[in-house]
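Worksheet for the structure shown next.
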Amino acid sequence: MVSTPEVPGPSMDAVPTRYGDTTFRSRLEADWAATLDGNGIWWEYEPETITLDSGTLYLPDFWLPELGTWIEVKGPGIPRTEKTEELARIRACQCEGSCTCRWPGGEFVLLGKPALASDWNEPGHRPRSGYADWAAPFGPTAYFVTCPACTRAQWITLRRPWRCRACQALLEREQVHRPVDRFVRFVETSTRTGLFAMPDLGEPFTDAELGLTDGREDDVP
Ligand SMILES: [Zn+2]
Ligand SMILES: [Zn+2]
């Protein structure tokens, strides 16, 4: 099977961005790293190339070792998520009966999206960079929760039993949050390090959104 490589669109998003000791392929990836740091979540960047069942090679963006979770960051110029969906499917729990996976429910895969804007009509504190937005590429919706036993912030599904992915404590009584709840503050590397002091113009439109192409993804040179 021949697969077309994912070519990022001609957006500011694809500019290599340094954050900490790592150079990320895009600013959005660096921002997600800063957001994970801001929530005390241990991450590794592009640690492993995975061969999917289809034979396709896939290099997911982040692995969260304590949580058994992969994150694929998807900017607006990169619409396809087939590889991420396949990874989510093959790494999910396959246990017959009660789950005995290293992480409850098996390895988990999350799509990290551009931030949701702050609501400027909302009174009180509003984070300048907005709120983290995410989705599950396959299976039930992902909810954000903080484990009261080990204090680790993480994403889970509401497939029972709800257990902490790190320490397996039951989370049945905890408050869980969807992205629309605007609970997880998004951190931009530009506001954190001061190294990228460009004005925050938000995410640019893609050519397809502006009607400059016929929408085919291979129009990108
Ligand atoms: Zn299992
Ligand atoms: Zn825990």
**Request:** State the three equivalent ellipsoid semi-axes of region 12-195, derived from the C-alpha gyration tensor as the square roots of 5 times its eigenvalues, in descending order and whole Å.
**Result:** 26, 22, 14
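Work out the FRET efficiency for Cys101 and Arg126 from their Cβ-Cβ distance, taking R0 = 30 Å, and round it to the nearest 0.05. Let's see the in-between values first.
Values: r = 39 Å, r/R0 = 1.29.
Once rounded, the FRET efficiency stands at 0.20.
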**Extension gain (nm, one decimal) between Ala117 and Leu57, 0.36 nm per residue minus Cα-Cα** = 18.2 nm
**Message:** Please report the carbon-and-sulfur percent of the accessible area for region 12-195; probe 1.4 Å, protein heavy atoms only, DNA, RNA and ligands left out.
**Reply:** 48 percent
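The values are calculated or read from the model by the stated rules, or taken from the named source; none is laboratory data. All values derive from a computational prediction rather than experimental measurement. Backbone-built Cβ (ideal geometry, glycine too); neighbour counts: all protein chains shown. The protein model used for the area step is the full one, side chains on, heavy atoms only, and it has no ligands, DNA or RNA in it. Shrake-Rupley method; radii C 1.70, N 1.55, O 1.52, S 1.80 Å.
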